[in-house]
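Single-structure report; data block below.
The values are calculated or read from the model by the stated rules, or taken from the named source; none is laboratory data. For clarity, every value in this text was computed on a predicted model and none was experimentally measured. Here the Cβ is made from the backbone with ideal geometry for all residues, glycine too, and neighbour counts use every protein chain on show. Just the protein is used for accessible areas: all its heavy atoms, side chains included, with ligands, DNA and RNA removed. Shrake-Rupley method; radii C 1.70, N 1.55, O 1.52, S 1.80 Å.
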Amino acid sequence: MEKNITRRDFLGAAAGAAAFTIIKPERVRGAEANEKIKLGLIGCGGRGTWLADIFAKHGGYELWAAADYFEERVNAFGEKFAIPAARRFTTLSGYKKLLECGVEAVAVETPAYFHPE
């Protein structure tokens with residue numbers, strides 16, 4: 001004996017199953033609700049500082065680390081955004097240390113000629 005399932009029966013069963021599959025927000029988004037993302041910024045010149053101001057005003061980000069070729073730029077940037085000296089990196093390979101210090105996202109604001117092909 002075949003029983004035909006109507007669309008109404010199917011949707012009712014699906015809604016019942018969905019009621020028991022409540023997922024925590026951090027499972028969907030990858031972070032706790034209201035948690036700030038640890039942001040690293042590479043390139044602390046004028047454009048990088050301007051962009052960091054936007055991230056700071058947004059409120060969903062914590063400026064966690066900074067890297068720049070020039071030490072005076074990264075230090076001025078770090079002072080402005082309260083980044084500890086231990087998370088300010090210089091030289092062309094400073095980005096490697098930035099990536100290893102616990103950042104969750106990175107904004108790259110360097111001139112294109114510093115990017116590999």
Tally of residues being open to solvent by 90 Å² or more (accessible area, probe 1.4 Å) and either in contact (Cβ under 8 Å) with a residue 60 or more places away in the chain or more than 21 Å from Trp50 (Cα to Cα) (or both) across region 84-101: 5
Return the total of residues in region 58-83 being under 20 Å from Glu35 (Cβ atoms), open to solvent by 60 Å² or more (accessible area, probe 1.4 Å) and over 15 Å from the mean Cα position of the chain (by Cα). 1
Condition (residue is over 17 Å from the mean Cα position of the chain (by Cα) and either modelled with pLDDT under 60 or loosely packed, with under 10 Cβ neighbours inside 10 Å (or both)) applied to region 24-46: is it met by at least one residue? yes
Check on Thr91, at pLDDT below 95, among the β-branched types (Val, Ile, Thr) and on the phi > 0 side of the Ramachandran plot: yes
